[in-house]
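*Asks:* There's a structure below that I have some questions on.
Where a number appears in this text, it was derived from the coordinates with a stated rule and is not lab data. On a predicted model such as this, the values are computed, not experimentally measured, just so you know. Here the Cβ is made from the backbone with ideal geometry for all residues, glycine too, and neighbour counts use every protein chain on show.
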Amino acid sequence: MTPVLWVILGAAVVALLSGGVAIFTGFRSQKPGCYAETVPYFALQDVLKGDLVCDGVIYGPRGHVISRFNADITMHWDGNRGRMVERFRYASGAVQDREWWLEVDEDGAIRADADDLVDVGRGRQSGATVEMRYRIRLPDEGGGHVLSVRDWMYLTPDGVVVNRSQFRKFGFKVAELVATIRRTEAT
């Protein structure tokens, strides 16, 4: 083998190993079963209902904060079907309205839809967590890219939800969101 092929092979091995390590040790290594025994139990219909407020930041691919936001959220449930209306206010002055439709099965499986999702999102309640996976199309002013999203929501003992989401394009992390969600009366 020529030295150039050895360099290419070495680079490929390093890339595969570093990607594999991230899958088995990082954010993507979490599975709903990891949290099955944690408390308090995160039942979407009990935790995310009524008027809620959200505060968060979005990190870019280099780890720097690229956006900060607050949001007002209203969540109503009819049995196992819910409608979430969100109004985001960004530090830049931009305002974004979003709407989600959620359905929770008796076994904790979740289906989610929104106008900017490419297909139906899927998730699961497990212990004190909720995991969601979906593909979202960014607005035109955001480039119109389709990103794969993995959301983890963790319920704290006092009822605050900590949300951590990673956004990926072609498997590479391009953004991360960290936010808190709490009932309006708790503010």
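*Asks:* In nm, give the distance between the simple-model label positions of ARG81 and ASP107, each being 7 Å from the Cα along the Cα-to-Cβ direction.
*Replies:* About 2.2 nm, to one decimal.
*Asks:* Okay, moving on. Please report, in debye to the nearest 20, how large the charge dipole of region 121-187 is about its Cα centre when each Lys and Arg carries +1 at its beta carbon and each Asp and Glu carries -1 there.
*Replies:* That gives region 121-187 a dipole magnitude of about 360 debye.
*Asks:* Please give the FRET efficiency for GLU99 paired with PHE172, using the beta carbon to beta carbon distance and R0 = 35 Å, rounded to the nearest 0.05.
*Replies:* 0.75
*Asks:* If you don't mind, there's one more thing I want to ask. Along the Cα-to-Cβ line of ASP119, 7 Å from the Cα, sits a label point; which residues in region 164-181 have backbone N less than 20 Å from it?
*Replies:* Residues 166-172 qualify, since their backbone N sits under 20 Å from the label point.
*Asks:* Normalising by the residue count of region 83-161, find the relative contact order in percent from Cα pairs under 8 Å and 6+ residues apart.
*Replies:* Value for region 83-161: 17 percent.
*Asks:* With a point put 7 Å past each Cα toward its Cβ, work out how far THR2 is from HIS145 in nm, to one decimal.
*Replies:* About 3.4 nm, to one decimal.
*Asks:* Give me the distance in nm between label points sitting 7 Å out from Cα along the Cα-to-Cβ direction at LEU138 and LYS49, one decimal.
*Replies:* Label-label distance for LEU138 and LYS49, simple model: 3.7 nm.
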